[in-house]
Amino acid sequence: MAALVTSCPLVVLASARRGGDTEQFVHHVLARVPHRLVNLLDWSVAPYNYEQQYPATDCFLPLVNLVVQHTALVVATPVYWYSMSGSMKGFFDRFTDLLTSHKPLGRQLAGKPLFMLASGADPDLPEGFTVPFHQTAAYFDMPFVASLYRSTKRGFPQEEAQVFADKLLSLT
């Protein structure tokens, strides 16, 4: 049975700091886009385990069920050491479970648009930063629609943010 889809995107925020640059960036870019924000600081996502034995407090599957119920997935991460945050990496590592014991749930990601927001101190997004997002989207047959980076050393990318938001709004 297909999940009921909420007519707004789900934003998964993976920053180590509440109210930090990445969270502010998300709120600014999505100011006119109805959305639901999930902060990974509030969700316990256990590290991937080959035996797929997770604590009862693990929230990965409920989180993926939320993803399935929304029109799109927006992942938002700061750039830490030229890569996504550790909590975002842990979240993406757990997608492995969607290829084995939870295949039916993983299949429901097909066609779900994926967007990426990132912020960091470098003037430009590090080379190769978006590769894991593109490849994961391709593997799960999710269209990778757009990415947007904000350097804290530059002004807010107003025009690019408008285009990003418009793409999300076109899905609702």
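None of the figures in this text is laboratory data; all of them are computed from the coordinates on show. Every value quoted in this text rests on a predicted model; they were computed, and no experiment measured them. Positions of Cβ are backbone-derived with ideal geometry, glycine not excepted, and every protein chain shown enters the neighbour counts.
Each label point was placed 7 Å from the Cα along the Cα-to-Cβ direction; for GLN24 and CYS59 their separation is 2.5 nm. Our note on the geometry: Cα centres of segment 44-77 and segment 131-151, 18 Å apart. Listing HIS27, HIS70 from fewest to most neighbouring C-beta atoms within 10 Å gives HIS27, HIS70.
Only sites in a loop by DSSP and with at most 15 other Cβ atoms within 10 Å count here; which trypsin sites (Lys or Arg not before Pro) in segment 1-69 make the cut? Sparse-neighbourhood loop trypsin sites (Lys or Arg not before Pro): ARG17, ARG18, ARG32. Backbone amide hydrogens, once placed in the peptide plane, bring VAL45 within less than 5 Å of CYS59, excluding anything fewer than 5 places away on its chain. Placing +1 on each Lys and Arg Cβ and -1 on each Asp and Glu Cβ, with no other charges, gives the chain a dipole about its Cα centre of roughly 260 debye. Per residue, the convex hull spanned by the Cα atoms of segment 62-172 amounts to 96 cubic angstrom.
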